[in-house]
Amino acid sequence: MMVECDDAVARDASPTEPLLQLAAAGYERAQRDRIRYGEQLRAIFQGRDARWEACIDVDDATDVDVRLREIRETGGGPVPILGRLYAAAWRQECEMGAQMQSLIGRHPAWPWLRRVRGVGSVLAARLLSRLDLARAPSPASFWAYCGLGTVAAEELVCERCGARVFVSPGTRVAAAHTPPSGHGRCAGTLRPRGVTDEVRVAQGRPRRGERASYDMEAKTICYLIGVSFVRCGGPYREVYDERKAHLVSTHPEWPAKRAHLAAVRATVKRFLADLWVAWHEAEEAAAAERQGAPVPATGSE
């Protein structure tokens, strides 16, 4: 649902990006609250939270999703204060989503983004609110910021079967692995041998207490965009299909999930590269227009 910005936003002549950042931050915070309160209510309805047994008679026929929708609209429920918090978070999520939809139309990259199948206004606004073209000299800068860059791999060697496994430095691997013979699974211990520049792998998640070297929220948004490409079809679905077919043929030992995730990752990287080019061309065209110079033709689609 499209709505107009409030009066303060409509009169604001400042750049779109700071306003988009505020709206996106509010949306993400409200969404986290709504999910948290919703899961608490779900646990109450399903009898998994013994603290509230006196508040509700659990009925196996209760449609929990229907009850949650009712509480979103009216508040209340078996624990009224929790219901009001849930309803308030839902309203704020909707309000911030509407603000993002209104603001995204003023972003220089939106004319290109709106034609990309699988990227709606809310996902686009959340992503653009976290990217800064002025600090990205190349498409690779977007990849690195979103956690899609690669790092030199750490080699692990199995002391039982001799298998070599390459992972992000510091990653602990406890699962069984495929032995060099390619048959069965080996549960032998993998010992680190050191970091090698010959193989590069995806950046790993930071361990507890460590600071991430990339924007974890941006990485989550990129994953959601990649999944949307797979579901919605279009040019980026074709990129995904081609990449997945290549990975399956060159890495037959990979599980299906690994090939899928690697293909999604490659697809999103292509999308970010195209976004960087389209955004850069839009900024150049806007600058030329402000200076009264002829606007250069662009080939971006």
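The values are calculated or read from the model by the stated rules, or taken from the named source; none is laboratory data. Remember, it's a predicted structure, so these values are computed and weren't measured experimentally. Cβ atoms come from the backbone with ideal geometry, glycine included; neighbour counts cover every protein chain shown. Protein only, heavy atoms only, side chains kept; ligands, DNA and RNA dropped before computing areas. Shrake-Rupley method; radii C 1.70, N 1.55, O 1.52, S 1.80 Å.
Annotations
- When Gly209, Gly182, Gly170 are screened for being touching a residue at least 60 places away in the same chain (Cβ under 8 Å) and at positive phi, only Gly182 passes.
- Residue check, Asp197 open to solvent by 30 Å² or more (accessible area, probe 1.4 Å) and assigned to a strand (DSSP E or B): yes
- Test set (1) part of a helix (DSSP H, G or I); (2) within 28 Å of Gly170 (Cα to Cα) - Val230 fails condition number: (2)
- Residue pairs whose Cβ atoms lie under 8 Å apart, sitting 6 or more positions apart in sequence or on different chains, and linking a residue in segment 27-46 that is within 16 Å of Val79 (Cβ to Cβ) to a partner that is assigned to a helix (DSSP H, G or I) and small (Gly, Ala, Ser), are Asp33/Ala89; Arg34/Ala89; Tyr37/Ala89; Leu41/Gly83.
- Filter result for Ala282 (closer than 21 Å to Arg130 by Cβ, part of a helix (DSSP H, G or I), of a type in the set (A, V, I, L, M, F, W, C) and modelled with pLDDT of 90 or more): yes
- Selection count where residues are in contact with a strand residue (DSSP E or B) (Cβ under 7 Å, 6 or more places away or on another chain) and either exposed (fewer than 13 other Cβ atoms within 10 Å of the Cβ) or farther than 30 Å from Leu127 by Cβ (or both), scope segment 149-169: 11
- When the residues of segment 225-244 are filtered to those that are over 21 Å from Ser141 (Cβ atoms) and hydrophobic (A, V, I, L, M, F, W, C), the one that is least open to solvent (accessible area, probe 1.4 Å) is Phe229.
- All of (1) surrounded by 11 or more Cβ atoms within 10 Å (Cβ to Cβ); (2) part of a loop (DSSP other than H, G, I, E, B) hold for Arg211 with one exception: (1).
- Matching residues, segment 239-265, being in a loop (DSSP other than H, G, I, E, B) and free of Cβ contacts under 8 Å to residues at least 12 places away in the same chain: His251, Pro252, Trp254, Pro255
- Residues of segment 17-54 classified as in contact with a His (Cβ under 8 Å, 6 or more places away or on another chain) and crowded, with 20+ Cβ neighbours inside 10 Å, total: 1
- Taking every residue in segment 116-135 that is over 13 Å from Ala25 (Cα atoms) and pairing it with any residue that is part of a loop (DSSP other than H, G, I, E, B) and open to solvent by 10 Å² or more (accessible area, probe 1.4 Å), at least 6 positions away or on another chain, the pairs with Cβ-Cβ distances below 7 Å are Arg117/Gly233; Arg117/Gly234; Gly118/Gly234.
- Yes/no for Cys146 being at pLDDT 85 or above, closer than 26 Å to Glu28 by Cβ and either surrounded by 13 or more Cβ atoms within 10 Å (Cβ to Cβ) or charged (D, E, K, R) (or both): yes
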